[in-house]
1. Which number in (1) under 30 Å from HIS159 (Cβ atoms); (2) modelled with pLDDT of 90 or more marks the one condition that ASP181 misses?
2. Report, by residue number, each residue of the range 24-37 that is under 18 Å from the mean Cα position of the chain (by Cα) and either open to solvent by 10 Å² or more (accessible area, probe 1.4 Å) or on the phi > 0 side of the Ramachandran plot (or both).
3. State all residues of the range 226-252 that are open to solvent by less than 40 Å² (accessible area, probe 1.4 Å), among the hydrophobic types (A, V, I, L, M, F, W, C) and over 16 Å from GLY379 (Cβ atoms); if no residue qualifies, say none.
4. Just one of (1) modelled with pLDDT of 95 or more; (2) under 23 Å from ALA397 (Cα atoms); (3) touching an Asp or Glu at 6+ places or on another chain (Cβ under 6 Å); (4) open to solvent by 10 Å² or more (accessible area, probe 1.4 Å) trips up PRO294, so point out which.
5. Considering the range 202-253 alone, what residues qualify as being hydrophobic (A, V, I, L, M, F, W, C), part of a loop (DSSP other than H, G, I, E, B) and at pLDDT 95 or above?
6. If a residue has to be more than 33 Å from the chain's Cα centre (by Cα), part of a loop (DSSP other than H, G, I, E, B) and not β-branched (Val, Ile, Thr) to count, how many in the range 157-177 make the cut?
7. Mind checking whether some residue in the range 300-315 is over 28 Å from SER105 (Cα atoms), under 21 Å from the mean Cα position of the chain (by Cα) and in a helix (DSSP H, G or I)?
8. Against the conditions (1) in a helix (DSSP H, G or I); (2) open to solvent by less than 30 Å² (accessible area, probe 1.4 Å); (3) within 15 Å of THR78 (Cα to Cα), where does THR50 fall short? Just the number, please.
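The values are calculated or read from the model by the stated rules, or taken from the named source; none is laboratory data. None of the values given here were measured: they were computed from a predicted structure. With ideal geometry, Cβ positions are generated from the backbone for all residues, glycine too; neighbour counts draw on all protein chains shown. The area values use the complete protein model at the heavy-atom level, side chains included, leaving out ligands, DNA and RNA. Shrake-Rupley method; radii C 1.70, N 1.55, O 1.52, S 1.80 Å.
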Amino acid sequence: MTRAIIIGAPRSGSGKTSVTIGILRALARRGLKVRGAKSGPDYIDPGFHTAATGLSGVNLDSWAMPPALLNALAGDATEDADFVFLESAMGLFDGIPAAPGRTGSAADLARLYGLPVLLVLDVSGQSTTAAAVAKGFATYDPDVRMAGVVLNRLGSERHRRLCSDAIEAIGLPVVGAILRDPTLNLPERHLGLVQAGEYENLMAHLDRLADMVERSLDLDAIMALAAPFAPASGSFGDALPPPGQRIALAQDAAFTFLYPHVATHWRKAGAEIIPFSPLADQAPSDDCDVCWLPGGYPELHAGRLAAAANFRAGMEAFSATRPVHGECGGFMVLGEALEDASGETHRMLGLLGHSTSFAKRKMNLGYREARLRADCPLGAQGTLIRGHEFHYAQMTATGNDEPLADLADGQGNPLGASGYRRGHVSGTFFHAIARGESMIPNRRTASAKSGNRFSV
């Protein structure tokens, strides 16, 4: 029987990811089969989980994934795994206002699957007050059980005793105490952590985290705290179907943000994924029947992409007869131009008419639900897609292409038309996660009731 525990914290930046990766790597080095999972829409951390364990990571998102799909993915996570460590996004209870169990928080998963929580507390700048924080977590929701505490960023042995004694006095075991060590921090950039695939010495860093965990945490006690993980049976009926039989997938340092569960399902459904590298001036293979440009960091490589003549010619030829879809960074590359952080403008593919800028930055962040206005690689016209948007780039020119979808936020508030389509080409700023249940009305009905609130 697979056992699991959720690793949570009061907020982002508490050290959850380093603790999770360190535990995963340490247990994998002991010969255990361990898998990492991530609550919510983070697409970077599963890459570290995969590297640390050798088993693919997965996102489990209670808002974006219908319950049957959530259970199916959770069930798959238990396959060939002795333990699953499920890392929370942001704070443990952080989600959006939604129906019970559908907020997107890790607490939803704790309630649904009866999983205990290992609470990581950054105790820098405090001592016995940490017990008040821990008690708040222990009593806030009786259906979410705190099983133990890891103290992070301690300054001294005295600091550890003050925090530990106070927390254990309220009945919570302290199963780890980590001294402050900036060398263990994972480097970050504007969309989160620098990705696992970009490290030249990734395994050395993962092993340093594992060594820290072996020194600082009681791994045997943590494994004993984990609970049986047996999700109800589910279905992949709401998973994103493969957009074609042979999928040309852009894959390099500029194109990296494809949710692991999406690619896994495409392969399970019988599709073949054929990677190519735009940064290496490669074009999509001519024997593919659809091309997918995922998100990533094209703004960091705009000059190389602009100079990739073979990539440009290949994309023009491919899109003349077959579907092409871009998400976020891929959407930016499909446009006419991209202004980088220094203010230099680079020519992009021009398969859609918009232009974007990373010099004029504004954060766009949140869950999204889209109703497709036309057939595209995401699905047929009228299909509802749930996903997530996270980018700093802004649109500087909209072009004259047709909008692809009507968009709403995570609470169903209309955001207007989103994305563009022209011929076989389509793109959006949001990342698709799964098919969803409707929160937004049909565009024609909505327009009749409330004017043009869905207009561009």
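1. So ASP181 meets the others, but not (2).
2. Residue satisfying the conditions is ARG35 alone.
3. Hits for the range 226-252 are ALA226, ALA227, PHE229, ALA248, LEU249, ALA250.
4. So the condition that PRO294 fails would be (4).
5. Once the filter is applied, which keeps residues that are hydrophobic (A, V, I, L, M, F, W, C), part of a loop (DSSP other than H, G, I, E, B) and at pLDDT 95 or above, the range 202-253 yields ALA226, PHE229, ALA230, ALA232, PHE236, ALA239, LEU240.
6. Going through the range 157-177 one residue at a time, the tally reaches 2.
7. Yes: one or more hits.
8. Of everything listed in (1) in a helix (DSSP H, G or I); (2) open to solvent by less than 30 Å² (accessible area, probe 1.4 Å); (3) within 15 Å of THR78 (Cα to Cα), THR50 misses just condition (2).
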